[in-house]
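Contents: one structure, followed by commentary.
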Amino acid sequence: MTAAERTMRLLIIEDDRESADYLVKAFREVGHIADHAADGEEGLAMAENGEYDVLVVDRMLPKRDGLSLIGALRAKDDTTPVLILSALGQVDDRIKGLRAGGDDYLPKPYSFAELLARVEVLSRRRGGPAEDTLYRVGDLELDRLSHRVARGKDELTLQPREFRLLEYLMKHAGQVVTRTMLLENVWDYHFDPQTNVIDVHISRLRSKIDKGFERPLLHTIRGAGYMIRDGIR
């Protein structure tokens, strides 16, 4: 399966909100998962704590510029492919970006079709096994490409955040998932907002995937977090 055929998980690090919204929407429309960071510090934290196929990094960022961000990742032996976007498009600028650790450099303005093709190439070059696009736990099934969720013969309708929550839990099936892990990877928070947002969404998700079924799959592990697993009673 090629990068063009499978779902990629991408991190867009871009401070211009309009540009970021456009990219996130465009990547999601072609079936990929796109997260967003609005500055260099947030982007570095998300890149270090997340699992991404490719990072798309604007060069001129607040708090920490793009080249410094890339350098920090490479210093920790993080080999995630990086495509640099920049209004600085001269030859010397591109050379500087590549030598800083970037894998590709695309000057602004650019076409999304070209950006997508370059991201797919970087993902292919990285190699390694493709991330699963279909998760199963017992009779519960989640298809990341079609966004279809079903339990047995019943199709389930989830809101976008509920889908991301279930996807993350199923990706870590059989493991305890903490509140911090959910806040960082589902809500993109790197702090505890001291709200009951997780409890509310877990309750809603449980009512959709477990209510009316004989065997519950989503479990609260007291004092630790949550786990999705077949066979716990």
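Summary of computed values
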item: Number of the condition not met by K25 [criteria: (1) modelled with pLDDT of 95 or more; (2) of a type outside the set (S, T, Y); (3) surrounded by fewer than 15 Cβ atoms within 10 Å (Cβ to Cβ)]; result: (1)
item: Candidate set: region 51-63, residues that are under 18 Å from D16 (Cβ atoms) and in contact with a strand residue (DSSP E or B) (Cβ under 6 Å, 6 or more places away or on another chain); chosen: the one surrounded by the fewest Cβ atoms within 10 Å (Cβ to Cβ); result: R59
item: Residues within region 198-233 that are polar (S, T, N, Q) and over 22 Å from G152 (Cα atoms), tallied; result: 1
item: Cβ pairs under 7 Å, 6+ apart, first in region 45-57 and in contact (Cβ under 8 Å) with a residue 24 or more places away in the chain and outside the structural domain of I33 (by TED's automatic domain parsing), second surrounded by fewer than 20 Cβ atoms within 10 Å (Cβ to Cβ) and part of a helix (DSSP H, G or I); result: none
item: Residue in region 81-97 that is farther than 20 Å from A47 by Cα, assigned by TED's automatic domain parsing to the domain that holds V119, part of a helix (DSSP H, G or I) and touching a Phe, Trp or Tyr at 6+ places or on another chain (Cβ under 7 Å) present; result: yes
item: Failed item in (1) small (G, A, S); (2) under 26 Å from the mean Cα position of the chain (by Cα); (3) part of a loop (DSSP other than H, G, I, E, B), with G71 passing the rest; result: (3)
item: Inter-residue pairs, beta-carbon under 8 Å, first without any contact (Cβ under 8 Å) to a residue 12 or more places away in the chain and in region 208-219, second part of a strand (DSSP E or B) and buried (at least 19 other Cβ atoms within 10 Å of the Cβ), 6+ apart; result: D210/L218
item: Tally, over region 198-233, of residues that are within 19 Å of F163 (Cα to Cα) and small (G, A, S); result: 3
item: Region 39-68, subset charged (D, E, K, R) and outside any loop (DSSP other than H, G, I, E, B), residue nearest to G102 (Cα to Cα); result: D58
item: Residue within region 157-166 that is crowded, with 16+ Cβ neighbours inside 10 Å, aromatic (F, W, Y) and either closer than 27 Å to Y52 by Cα or not assigned by TED's automatic domain parsing to the domain that holds L142 (or both) present; result: yes
item: Residue check, I202 among the β-branched types (V, I, T), touching a residue at least 40 places away in the same chain (Cβ under 8 Å) and not assigned by TED's automatic domain parsing to the domain that holds Y52; result: no
item: Criterion: buried (at least 18 other Cβ atoms within 10 Å of the Cβ) and without any contact (Cβ under 8 Å) to a residue 40 or more places away in the chain - qualifying residue of G97, G66, G89; result: G97
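The values are calculated or read from the model by the stated rules, or taken from the named source; none is laboratory data. Keep in mind the model is a prediction, meaning the values are calculated, not measured. For neighbour counting, all protein chains shown are included, and Cβ atoms are generated from backbone atoms with ideal geometry for every residue, glycine included.
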